[in-house]
Each structure stands twice: as structure tokens, then as C-alpha cells.
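This report refers to the structure that appears directly beneath it.
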Amino acid sequence: MIKFENVDKVYANGTRALDKVSLEIEQGEFVAIIGLSGAGKSTLIRTVNKMIDITAGKLTVNGIDVSTLKGKELRKFRRKIGMVFQSFNLVLRTSVINNVLAARVADMSLIRTLLGLYSKQDKIQALEALDKVGILEKAYSRADQLSGGQQQRVALARTLAQNPEIILADEPVAALDPVMADVVMEDFKRINKDLNITVVINIHHVDLALQYADRIIGINAGKIVYDGPTKNITNETLKMIYGRELTEDDLMKEKKND
Amino acid sequence: MSSKQLTVQSQLEKFPSVLPKFIIGLLSFVVFYILATITISFKGINERGLLIAINAFKGLFNPSVKIITDLGQYGLLQMLFETLAIAFLGTIIGLVFAIPLAFLASRNMFPKGINNICLTLISVIRAFPSFMLGIMFVKSIGPGAFAGVLSMAIGSIGMLSKLIIEVIEDLNPGIAEALDAAGCSTFEKIRYGLIPQLSSNIISIVLYRLDINVKNATILGIVQAGGIGAQLMFAIGARRWPDAGAMLLGVIFMTVVLEYFSTKIRTRLAGQKG
Amino acid sequence: MIDDILHIFFPRTYTLGNGKVVKEKFNWAPYITIAVIVFSILCAIATKVDIPRLIQRSNAFWDLIREMIPPNWSFWRDLQKPMIDTIVMSVLGTVVGCLIALPTSFYLSSNFELNNVYLVGHRGLLSLLRTLPTLVYAQLLSIVIGTGTLAGTVSISIFTYTICVKMLYEQIETVDMGPYEALQSTGASRAKCMIKAIYPQIRGYFWATVLYCFETNVRSAAILGYVGAGGIGVQINEQLTWRRYGNTGLMVLVLVITVVIIETISRELRKKLVQG
């Protein structure tokens, strides 16, 4: 369970990215965080695995206080949290399977990492992860030969190979076309339901958020302005979260409407 | 369900084996080991060597102030300037020969037959060990900086030509056409069309080669072709560590300063292009 | 006429029909040319350039070359071991230098090493060491470690290290840090992230650098023997001292052929490596 208690994040230049954030996310939930660019979505997600440090308040994940973690403990903690990025972040020059296997090195010795000696169990897990996102047949292709949507699925498989309890996704479909965006969001949904992994997604395409998430968290200028089930969202609440009417840019589909 | 399991299994079998890389690694290691034992004999660091090393360290870091401040013939400044002079003159003379040679060898300037002859000539000149060239000049023309200049000149032709050829072949023919259409004479075409495109590149190339030549000039000193090299090697050979330290300092200083300015000018030139 | 000459040195100012005043840009070229010519003359004096002596003694030079052709083929037997030594020294020196350079270059890149003082200081030290030619290291080492190929190999390693490490850290700084961040989020240590996320991006460049260093090292390895650090340099010194120019001719031939072969192979390999 992820628990924020009055968390603040103030950057060195004075920007207040998170302002008294309090929320709880239970294991197995599918949460979408929406809001304007720069509202604090990215910061919020990255505090969970300590890619960004908080400046006030208390943040616990499954009872562990995140701000006390460092070194070996921090690395052990991060093994259980997977992260998916907007720009996929794959090593393009090497094969798909090598990208997914890279998630296993955290548990391997330095020598074996250096020599690329993965155990049979590692390889099976990696292949099964690829299977779960439906691109097993691409296992030995070079990563840069895949389309954007396929690359993101490889990135997703990479997180699955960690056997995570939580998956954090920072604008995972922003760089994809509407069709592939749907496919990838479906993958997230399926993983969430089948494996009971908590999924927290940053997303600025409101229609996708509403379509796939069970729970929506709306952020405006670092403050949580909405936190509740998707079905309770109205146009009014959306206007409150965004501080304005929604535009075409906030939607993935219906973009090319004429 | 069973067909899915089959796919994972079959993909697993296709996993590229680490064996070939492992064998190559092992083989290379064995080869290197054998080569090493054939050619290298490690007699162990004896006490004397260690003593010398300690003395050397002490001396090198206490450079001889006398040499540094001496402005006369045996002073550091004179030696450095002689080294620089050898490098500079050698580069300029090399350039004088390299430019026509480069034009002759460029595909957009002269026919292929002439190109190939010149390219072969350039390759041979480049491959000739400049070190030996230095010794040969010393033996025939006599020791001293002059021999150094000559060897440096010939040694530079190779690389200068090669780089200038690249620049010439990169020339934009459109500019020549435009000038033609405006009714320019050949002289004007060269002056306003050719030279501006070439000059900044050639200056860059010359500075690059100058850096290298300054380092080589130090080496040439060893075969008595002038420059600080000879004095440096004598000092080290005679274990005059403070003197050697002063000279090393001078060499480092001169090289670093030259590199700094040359890089600065070259980046400025590169920025002005296009 | 005089006006034209003056025009080269001083920019003109033009007044256009509509009253605008345009000044020509200052032309550096003629001043630089004059400076170069003057400096060249200074250098010529300093290096005691003596054209008459050149013409007089040029016969001696061509005589020397004539004695080198035809080369003394029987000398090849004595050259074999020194030649092998030279090449082995280059190979081993290059390999050792580059292998040590690879991991240390990470800690010299600004992406990883955040302590700026350490970074600038260390890099500064390396650039100082880079200015010293291999030969100087060879002479110093042959005094301390003893003459022979070990001194040569070590000096080549040191020199190769200084060059290789710079080329590597410059390349590392251009790399995409995305995969590195992704791997960090999985809980891998910094070293493992470097191996899995950064190294694959610079692998081709690394091997190209190794080949480049090897090319350079073969040339300098030939000279090292002159100061007693093993290789063919010893023979060069001896044969020239004894004026055995036939033997010298053979050495020149062997060296030229070797360098050409190695450079050609290296160039082809490098083209392939940088692509992949």
C-alpha cells in the first residue's frame, strides 16, 4: 500500500511541486493521475520509488518509510517497483530479450552481469513477460526495429520481469498513436487484473484515463483536487482539475474529427 | 494453453549461446599470455631501480629554476622556441608541397589517372617512419635543427595532403557556377569562390598538424635533429633530474598552451562556416 | 593600383544611394599572411636554415638513399624477433591501456561523476600526461624497470590509457541516459547500470578507438627501442650507427609494409564497427 501523508516537494529554485499531498493507494488498484502539464503529476509518481526526494511529510510503501532508504536498501526496495517511461528508454542497439533481461541484473552478481550469464530461470521469466504483453515472437529482434507501441510493450515486459508489486507509468502512451495507445492501456489493465499489481499511471489524455482507470486523482498546482472513482467524474470536476475547459490536446481520440 | 507453453519453450531454445564469445575470450587470453611470455621478461623490480625511481620523483618535482630562468642558449625558453620553430617551419613547408599535391589528387580537380599516382605517392610518404627520416637527414645534412625542419616538412606532407583532399572534394560546385554566370574571370573565381571555402578549413587542418608536429619535434630531438628533445634525453640519461623536470615542465606547458589556442581558433573557424 | 593594394589591407566604407553607410568587414587574411611569413623567417633563423648547405649536402642524402636500395634481404633473419617484439608490444600495450580506460572513463564523465572539482582536476592531470610522447615514458621506465620490452609495453599502455580515456569519456557524455534511468529504477547498482545501459551504446566506438590507438602505437613502438625499450628501434640505432644502409633499407621497407597493412585492416574494421 502506498501512503502519502502531507507530503511536500519544494525544488531548490523555490517551485512547489507537491503541496500537502495525502492519499492512500491499496494493492491492486488501477489509478490514473491527471492534470495540467507541470501540475506535479511526474513529481508525484517519482517520489514513490525515490527517484525524487520529498521535502516534508511522510511517504510509506508497504510500511517502509521511503525517505530513510539509501544504498543497498533502496536498491532492494526498488526491485519491487517497476517504472515505465514516456520515451520507452530501451537500449536500442541490442535485442528485445536483452532489454527485458536487463531487469534481472539487480539480483545478479557483478561478474554474471558483466558476462551476461543469465540463469535458465531468468530467461524463462523474461520470455514469459514478453508473452504476457503479446510480443513473444519479437524476442530476438533488435529493439530499434520495433514500432513505438511494440517498444513500449517491451518496456512493460521489462518491468514484469522484475515481478513487481507496483508499476509506475509516467505518460506511457503519450508518444503513441491512438490505436497503439489502446493496446498498451489494455496491457496495463490486463496485468493489473490478472496479476493484482498496483498500477499508477500519469496521463494527460483525459479520455484514456476515464476509459481505463478505476480511480482518478486530479492534481492542480501540486494539490490533490479530486480523488475518487472514475464513474463520479463530471465535466465540472474536470474543469476544476484543469482550471479551464478541456481542449483537443487533452484527448487522445477524436483528435482528427473532420 | 499448451501451444503458448510450446512457444516459450521453443523461444528458450533459440536463445543465443554464450559459448562462442566465451571461447573467443579464452583464446584471446591464452594468445596474449603466450605472446607476453615470449617477448617480455620481467626481471623484477630490483632495489636499484626503486632507488632511482624515488630519486627521479624527487628531482622531477623540483625543477631546476636555473634552466627555467636562463634566457640564453641553454635556457628553457630558447630550447622551447627552437622546438616550436622546427614544428612551425616544418608544417609551413609541408603545406607548400601538400596543397598542389592535394589538388592533383582530388577527383573534382584532375583526372583519375593523375589522382591515383598522387594518392599512392602520398600513402608511401605517410607510411615512411618520420623518425628514420630524421636520422637520415642528420647523417647527410648534419645534426641540428635544420635536419629537424626538413624531416618534419616531409613527414607532414602526408597527413596534410590527405586532409586537404577531403576538403577539396567537399567543395560546393554551385558557387563556381554562380560566379561563372555573373561573368567572373578565373582569378576572381578563385579569389571569391574557392579561397573563402578552403581557407578556414585549411587553417584548421594546419593547426591540427601543428599540434602533432610540436609533439614530434620533441621526439626528433633524440636523434639530434634539434629542439628540446635532445637535451631532455641527455638530462634523463645522465640522471640530472631537476634539469629534466624543468624541461618536462616546459614541454607540457608549451603543448598545453598551443593545444588550447589551437582548439579555440578551430572551434571559432568551424562556427563561422556556412 | 595603389588603391587596390590599400584596399586589401583597409576596409572601405561605402555610402549607398539612400544615405545608408556600409562598412566592409575587416579582412584578417592579409595581416595573418604577413604575420605567418615574418614568423617563418624568424623560425628559419632560429633553426639555422641553410639553403646552400642543403644543396651541397643533398648529394649525401641521395647517396644514402641509393645505398638503401636494394635492401639487404639477408638481414631479414635478424629482424624477425625485433619486429615481432614491436608488434606484440603494441598489441599488449594497446589492450592493457584500453581495458583500464574503459571502466575509468565512466568515472570521468560528467553524467556520472557529479563532483566537479574531482572531475576537472583528474581530467586536467590526464591532459598533462597526454602531452608527453611515449618515448619519454619509455626512457624513464627503462631506467627504473630495466631495458627491454616490458618498459616499452608499459609506456605504450600509459600513453594509450591517456588517449583512450579521453575519447571514451567524451563519447559517454553524448549518450542517451534514458535506459540508465530505467535500469536504476529497477534497483540495479550504478556499475550494473553502466554495463547494461551505457556500454551497449558506446561499444562500437570503443572498439574503433582500440584500433585507432593500435595504429598509432605501432608507429611509436618502432622507435622505442632507440632508448632501450625493446623492439626494432634497437636495430635502427645500431645499423645506422654502423652505416649499414642496406640493412636500414630493409627495415624501412618492412616498417612501411607493416604500417600500410595494419592501417588498411584497421580502417576497414573501423568502418564496420562504427556502423553497428
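We did not get these values from a lab; they are worked out from the coordinates using the rules stated. In this text the structure is predicted, and so the values were computed from the model without any measurement. Cβ atoms come from the backbone with ideal geometry, glycine included; neighbour counts cover every protein chain shown.
Given a cut-off of 20 Å, name the pairs among A:Lys20/A:Lys193; A:Lys76/C:Lys196; A:Lys189/A:Lys231 whose C-alpha atoms lie farther apart than that in the structure shown. Flagged as over cut-off: A:Lys20/A:Lys193.
Placing one equal scatterer on every Cα of chain B and applying the Debye formula, the log10 ratio I(q)/I(0) at q = 0.09, 0.12, 0.13, 0.17 Å⁻¹ is -0.67, -0.92, -1.00, -1.25.
Across chain C, C-alpha contacts under 8 Å between residues 6 or more apart give a mean separation that, scaled by the residue count, equals a relative contact order of 24 percent. In this structure, the residue pairs whose Cα-Cα separation is over 29 Å, taken from A:Lys132/B:Lys21; A:Lys9/A:Lys253; A:Lys70/A:Lys223; A:Lys80/C:Lys272; B:Lys112/C:Lys272, are A:Lys132/B:Lys21; A:Lys9/A:Lys253; A:Lys80/C:Lys272.
Taking Lys and Arg as +1 and Asp and Glu as -1, the other residues whose beta-carbon sits under 10 Å from that of A:Ala103 total +2. Residues whose amide H lies under 5 Å from that of A:Tyr226, counting only those 5 or more places away or on a different chain, are A:Gly218; hydrogens are built 1.01 Å from N in the peptide plane. Only helical runs count toward this figure. For chain C, summing -39,500 (n - 2.57) over DSSP H runs of n ≥ 4 and dividing by all residues gives -24500 deg cm²/dmol at 222 nm.
Viscosity 1.306 mPa s, temperature 10 °C: what is the translational diffusion coefficient of the range A:10-95 from Stokes-Einstein with a Kirkwood Rh over Cα pairs, rounded to a whole number of µm²/s? Taking Rh from Cα pairs, D becomes 107 µm²/s. By the combined test of axial Cα extent (at least 27 Å) and Kyte-Doolittle hydropathy (mean at least 1.0), the qualifying DSSP H helices of chain C come to C:149-172. Rounded to whole numbers, the Karplus 3J(HN,Hα) couplings from phi for the range B:108-125 are 8, 10, 9, x, 4, x, 4, 3, 5, 4, 5, 4, 5, 4, 4, 4, 5, 4 Hz, using 6.51 cos²θ - 1.76 cosθ + 1.60 with θ = phi - 60°, and x at Gly and Pro.
The residues packed around A:Ile203, meaning those with a beta-carbon under 12 Å from its beta-carbon, carry a net charge of -3 if Lys and Arg are +1 and Asp and Glu are -1.
Each helix, a run of at least 4 DSSP H residues, gives -39500 (n - 2.57); summed and divided by the residues of chain B, these come to -26000 deg cm²/dmol at 222 nm. Using only alpha-carbon positions in the protein assembly as shown, the gyration tensor eigenvalues give semi-axes of 61, 36, 27 Å once each is multiplied by 5 and square-rooted (largest first).
Dividing the convex hull volume of the alpha carbon atoms of the range C:22-154 by its residue count gives 293 Å³ per residue. In loop segments of the range C:1-78 as defined by DSSP, the chymotrypsin sites (Phe, Trp or Tyr not before Pro) with at most 16 further C-beta atoms inside 10 Å of their C-beta are C:Phe26, C:Trp28. For the protein assembly as shown, the antiparallel share of DSSP beta bridges with both residues in that region comes to about 55%. Checking the cross-link filter: which aspartates and glutamates have an alpha carbon closer than 20 Å to that of C:Lys48, excluding same-chain neighbours under 8 positions apart? C:Lys48 reaches B:Glu82. A simple rule links phi to the HN-Hα coupling: the Karplus curve 6.51 cos²θ - 1.76 cosθ + 1.60 with θ = phi - 60°, which for the range A:28-34 gives x, 7, 10, 10, 10, 9, 10 Hz, with x for Gly and Pro. Annotation for B:Glu188 and A:Ser67: the two label points, set 7 Å from Cα along the Cα-Cβ direction, are 7.7 nm apart.
Restricting the calculation to Cα atoms, the range B:95-154 yields a radius of gyration followed by a Dmax of 14.2, 42 Å. Amide H contacts under 5 Å for A:Ile167: A:Gly82, A:Thr198, A:Val199, A:Val200, restricted to partners 5 or more places along the chain or on a different chain, H placed in the peptide plane at 1.01 Å from N. Sort out the exposed loop trypsin sites (Lys or Arg not before Pro) in chain B (DSSP loop, at most 14 other Cβ within 10 Å) and tell me the longest stretch that has none. The reported range is B:108-238. State whether chain C is rounded, prolate or oblate according to the following rule on the C-alpha gyration tensor (a ≥ b ≥ c being the square roots of its eigenvalues): a/c under 1.5 gives rounded; otherwise a/b larger than b/c gives prolate, and the remaining case gives oblate. Oblate, since a/c reaches 1.5 and b/c is not below a/b. Karplus-based coupling profile of the range B:147-155, in residue order and whole Hz: 4, x, 4, 4, 5, 5, 4, 5, x, with θ = phi - 60° in 6.51 cos²θ - 1.76 cosθ + 1.60 and x standing for Gly or Pro.
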